Every structure is written in structure tokens, then in C-alpha cells.
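Please read the structure below before turning to the comments.
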Amino acid sequence: MPPQNFVILGGGISGLTAAWYLARNAPPSTKITLLEASDRFGGWIQSTRVGEERILFEQGPRTLRPSGLGAGVILDMAAKLNLTGFIHAVGKYEPAARNRYLYYPDRLVQLPGGSLLSSLKSIVQNKFILSSIYSVIREPFIKPFKNLDDESIHSFIARRFNLTLADTMMSALVHGIYAGDIKNLSIKSTFKQIFDMEQNYGSVIKGMINSKKLSALSQKDQSWLDLLCLENKDLFSFMSTTSLYSFANGIEQLVHAIVSDLETRENVTIKTSHRVKKLKFDKEVEVYTNDGSFRTDHIISTIPSHELAGLLPELPYLTYNPSVTVAVVNIAYGRPNLLPVKGFGYLIPRITPNNPYHVLGVVFDSDAMPHQDYKKDKYTKLTVMMGGHYYNNLSENDYPNKDEILSQAVETIEKHLGIYLTPLQCMVQIHRKCIPQYYVGHYSRIKELHYAIKKNYGKRLSVGGASYFGVSINDCVTNSARLVLDLLGNEDERVIITGLERVEEIEPTKSK
Ligand SMILES: Cc1cc2nc3c(=O)[nH]c(=O)nc-3n(C[C@H](O)[C@H](O)[C@H](O)COP(=O)(O)OP(=O)(O)OC[C@H]3O[C@@H](n4cnc5c(N)ncnc54)[C@H](O)[C@@H]3O)c2cc1C
């Protein structure tokens, strides 16, 4: 029988999704408690309006991808939470969808994918793009490494394509998603589809051609997505024409809607300012916080793995992967159309010279999400992201302070974009340990963790959140929803759900 009483650790999007899925799918007699350490829900999701103008600044995530199972789950949630009318989408043919740039070596370079003319111009003018295209043509003829356990993204891309592609476009992409070092991150845990293409088809390009015919999803997930599409037909057909989306008041609007919904339910208790400090396992689990204790028969932990390590130090590998610190600088200038180009923004590859402030990339918010501001035609809005893996070796005293970070960001914008105005509004956040880095070998370590949870805490503990299978909001939400459905659907006393079952699907393994 599924558990009757759940305590969820963490009130970020993973914990909130778990609570919401439980509330909708478990019998009404099931007791659900969510405990969040800080004084607000949402974790890294934080959308704030500033100044008289009420300009929207996203301090964490800013856009969602409307494709795949993750999008299916979020859009279904949005529909059920009456958020459909608040969706702000960018069409597939708008500049923000088509125009992406790198800053390399000392200027903005548009990547192919925009108009035919601009793509051709970029290829002719930039040797690194031409060399990358040549490596793509050659890739199907390169002998595969079969039975590869794992490898860094850098060495995989350099081996199958070439060093130029790895060091420029791919390292920039990794800066944009993980703020991470392409030389440390695992290809298998970050770009699994690409990894599988070499294993299954002998080549990434051959795999791409063939995978058009095949779904990237398992049969079970595909049926789930089909069902979600069927229930939300109009929304899904509209979203198929879009490239990214958010909500009128930013991504945090989704958080507020989930919280409001949970607050109306009698069997759900959600608490902020309740840091979980200790877990004691006997027949049930006693959860100790700074403000009282809670008894439960099942814990769903969605807190970062390094936080869980403090509660359950005997579990393996919870602190193996570091999480990087990112400085986020939101800037709005009091004049529109200041940018020299139109598009989503630009990323900076690892080999770009003269990047003294460790800038990872700049998002052109006023192009990327133009309709979130009430007077959108009055401003140019940008976000500068800095640090990430470049901050890894800094000791606590070496971090630049917020004023220094702001002037570094302003100086970067002057140099890269030629904007020499004083910002109308700005905001600086230093997000400590905000994005987990899946180092090479991540899957094998997660597999050991999975069996350790089964052995020591089976039927009492499951885990979710960004530390395990993907950092995007799409991944976090899907993993929490899947975990809850698996727990509630499990009628077999012998089956233990840890939340990490996917490692068994990935590589059939001997049972331990
Ligand atoms: C700057 C930035 C930009 C990003 N941009 C995007 C983007 O554009 N699109 C996208 O899809 N993703 C993006 N991401 C990634 C995405 O936002 C995160 O991976 C995701 O929000 C993580 O959600 P989570 O609930 O798993 O974890 P978290 O948000 O970390 O939530 C965990 C919660 O647990 C709480 N907690 C910790 N310890 C305890 C304890 N002991 N007891 C109780 N509570 C505890 C924390 O306070 C926190 O609220 C971005 C991330 C960052 C940092």
C-alpha cells in the first residue's frame, strides 16, 4: 500500500511539484507536509518587480522550453492552475528564437540558424564556424568508442567533432545551461541523447537522422505525454509554434499558483522557515526542524544533495559533485532599442581571451521576453551572468562584493555592446552553490546511491530535485511528478521507489 503520510523536504519547484502531484493524486486521507528552510517558496526561482516602473527582474530562471515531457507536465499544471491566459510565448520565427550569438574572440558573432543570409555571412567571416561545420560533415566517418562508460563533454565533442567546436560553441552552451566547465561535466549525464547516439548508431549525426523516426522517450513516458497532450489539445497545438515561454509576472507566478492551490487543501500543510536539521529513522521517521518535529512514514527529499548529506552522512556520494556559484546582474536602461543586434543574447566560450570578470553570458531580456513589463517600449533590459566554475577556487574572502560585481557587469556591457548609459534600475544577486555539476561518472555514483537508499532507507525515503537527473525546471518538475506517480501506483510490498530508478533503466544491472 502507498504511504499515508508524506513529509517533503524543500519548497523549491521540485518540492512544490511533488506536493501538488500528491495532493491531486493521493487519497484525500493522505497527510502531506512540506518543509522549507527559508522564508519563501520557490528556491532559485525568484521574479521581482522593481522601482516605480515595476520592471520585472528574473533573478534565477527566466524561460522555459515548450518541448518534451517536461513541457507537457508544466503546461498541464499551468492549465489546471488557470495560468494559461498568463503564458507569454516567443514564436519560433521571432528574433529571440532564431538569433543567438557568441562573444568570440573580441566581438559578437551570430550563430547559423537565423536567416540564410546571416548564416552564410557568419560562416564565411568566422573560421571557427567553418571548421565546426566541417567537423559535423566528417563525424559519421569517425570510428565509435563502443561500451564507453562516460567521458567529459569536452573530450567527447573533441573526439567526435573537433577541438574548435568543443572549445567554442559547446563550451559556451555549457556556460549557458550549467555555468560549468565542459572539461569536468559528464556527457552521459548532461547530453545523454548525444551519448546514446554514438552507442546505438555509431555516430551522433547518424543518430540524429534516425532518431527523427524514433521517440526519445520510453514507451511509458510517451503514453504519459500523449495523455497530457490530449487533455490540453489547444494549448499544446499553440505551444508547438513557440520556442520558449514564461508567465506575465515571471516564472515565480507558477510558484505562487502552486502555493495558493496547496493552501486551499485540508490535507496539506506547507511551512516556510522550517529548516530540517535531523532525521531519525525507526518504524516511522521523525523529522526535526528548528521549529518542532514531524512524524511521517515517507520522506521525499528535494533539497540539494549536499544538504541531504548533512542529514544522512552515511549515504554515498551526496557531496561528490560541487555546485557552482553564479552572480546574476539585472540591469534596465531607461531607453529602448539600445542593443546593437536583436536576439536572445550571447554566451562566452571558455577560450575567449580578455574575459577578466568571468562573464558566462548576457541575456537580452527586453528581446527575449518583451511583454512582461508594463511599459515595454521604454527600456532596454539585460541580465549578465558571471562566475560559475570560474569562481570554484575562490575562498570566501576572495569573492567580489555586490558593488564590484555591478561595476564589472556595467563595464562588460560598455565594452561588448557599446551601451554607456547609467542604469535606471539594477539588482545583483550572488547565488551560492546554485547549479549542481554532474561530474564524469555521475550515473555510476547515482546507481550506488540508489542501492544504498534501497538497502538502508527503503520505503522510508525517496529523493528528487536538481542534484540527480537534470537541472532545468522541465527536468525537476517531471522527475517529481514521476516519483509521486510511481509511489502512489506501487501496490507491490516488495518494490522500493527511491526516485533514482532511471539508473536501472539506463544500464540493466545485477540486483544487489
Ligand atoms: C541563475 C540561474 C538561472 C537558471 N535559469 C534557468 C532557466 O532559464 N530555465 C530552466 O529551466 N532552469 C534554469 N535554472 C535551473 C533551475 O532554476 C533550478 O535547477 C531549479 O529551480 C531547482 O529547483 P529545485 O526545487 O530542485 O531546487 P531549489 O530551487 O534549490 O530548492 C530547494 C529548496 O530546499 C530548501 N532547503 C535546503 N535545505 C533545506 C533543509 N535542510 N530543510 C528544508 N529546506 C531546505 C532551499 O531553501 C530551497 O528552497 C537556473 C538556475 C539558476 C541558479
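The values are calculated or read from the model by the stated rules, or taken from the named source; none is laboratory data. What you are looking at is a predicted structure, and each value in this text was computed from that prediction instead of being measured. Virtual Cβ from ideal backbone geometry, glycine too; neighbours counted across all protein chains shown. When the accessible area is computed, the model is the full protein with side chains, heavy atoms only, and any ligands, DNA or RNA have been set aside. Shrake-Rupley method; radii C 1.70, N 1.55, O 1.52, S 1.80 Å.
All Cα-Cα separations within the stretch 241-355 were binned at 10 Å from zero, giving a P(r) of 9, 22, 27, 22, 15, 5, 0, each value a whole percent of the pairs. When only alpha carbons of the stretch 96-211 are considered, Rg and Dmax amount to 14.5, 42 Å.
Cα extents for the chain along the principal axes, largest to smallest and rounded to whole angstrom: 67, 60, 52. Scanning residues 5 or more positions from Leu338 or on other chains, none has an amide H under 5 Å from its amide H, with H placed 1.01 Å from N in the peptide plane.
Accessible area per residue (1.4 Å probe, heavy atoms of protein chains only) ranks Tyr457, Tyr320 as Tyr320, Tyr457, with the largest value leading. Angle of helix 13-25 to the longest C-alpha principal axis of the chain, folded into 0 to 90 degrees and rounded to 10: 50°.
Compared with the dominant principal axis of the Cα atoms in the chain, helix 127-138 is inclined by about 60°.
Prolate is the label for the stretch 371-512, because a/c, from the alpha-carbon gyration tensor with a ≥ b ≥ c as root eigenvalues, is 1.5 or above and a/b exceeds b/c.
In the structure shown, the pairs Lys192/Lys454; Lys188/Lys447; Lys143/Lys206 are assessed against 19 Å; a Cα-Cα span above that value is assigned to Lys192/Lys454.
In the neighborhood of Ser243, defined by Cβ-to-Cβ distances under 15 Å, what is the net charge if each Lys or Arg adds +1 and each Asp or Glu adds -1? Its environment carries a net charge of +4.
Which percent of the accessible heavy-atom area of the chain goes to carbon and sulfur, probe 1.4 angstrom? Carbon-and-sulfur percentage of accessible area, whole number: 53. Measuring between their Cα centroids, the stretch 111-135 and the stretch 69-92 lie 34 Å from each other.
Surface analysis of the stretch 163-266 yields an accessible area of 47 Å² per residue, using protein heavy atoms and a 1.4 Å probe. Under the shape rule built on the C-alpha gyration tensor, where the axes satisfy a ≥ b ≥ c, the stretch 300-441 is prolate, since a/c reaches at least 1.5 and a/b is greater than b/c. Using the Cβ-Cβ distance between Asp234 and Ile123 with R0 set to 41 Å, the FRET efficiency from 1/(1 + (r/R0)^6) comes to roughly 0.55.
Its alpha carbons considered, the stretch 24-146 gives a radius of gyration followed by a Dmax of 22.2, 66 Å.
A full extension of the chain between Ser472 and Tyr374 corresponds to an added length of 32.5 nm, given 0.36 nm per residue minus the alpha carbon distance.
From the alpha carbon centroid of the stretch 1-68 to that of the stretch 251-286 is 9 Å. Any chance you could give the angle, 0 to 90 degrees and rounded to 10, that helix 219-231 forms with the longest Cα principal axis of the chain? Rounded to the nearest ten degrees, it is 80. Each of Tyr103, Asn184, Ser115 was scored by the projection of its Cα onto the charge dipole of the stretch 96-211, and the greatest displacement toward the positive side belongs to Ser115; charges sit on the C-beta of Lys, Arg, Asp and Glu. Under the combined filter of DSSP loop state and at most 12 neighbouring Cβ atoms within 10 Å, the stretch 394-448 retains these chymotrypsin sites (Phe, Trp or Tyr not before Pro): Tyr420.
Compare the Cα positions of Val285, Asn321, Thr296 along the charge dipole of the chain (+1 at Cβ of Lys, Arg; -1 at Cβ of Asp, Glu; about the Cα centre) and return the one farthest towards the positive end. Checked the options; the winner is Asn321. DSSP beta bridges fully contained in the chain are about 70 percent antiparallel.
Projecting the Cα positions of Thr242, Leu148, Ser444 onto the charge dipole of the chain (unit charges on Cβ atoms of Lys, Arg, Asp and Glu, taken about the Cα centre) puts Leu148 furthest along the positive direction.
A straight chain from Leu163 to Glu284 at 0.36 nm per residue would run longer than the Cα-Cα distance by 38.2 nm. Charge dipole of the stretch 96-211 (Cα centre as origin; +1 on each Lys and Arg Cβ, -1 on each Asp and Glu Cβ, all else neutral): 340 debye, rounded to the nearest 20.
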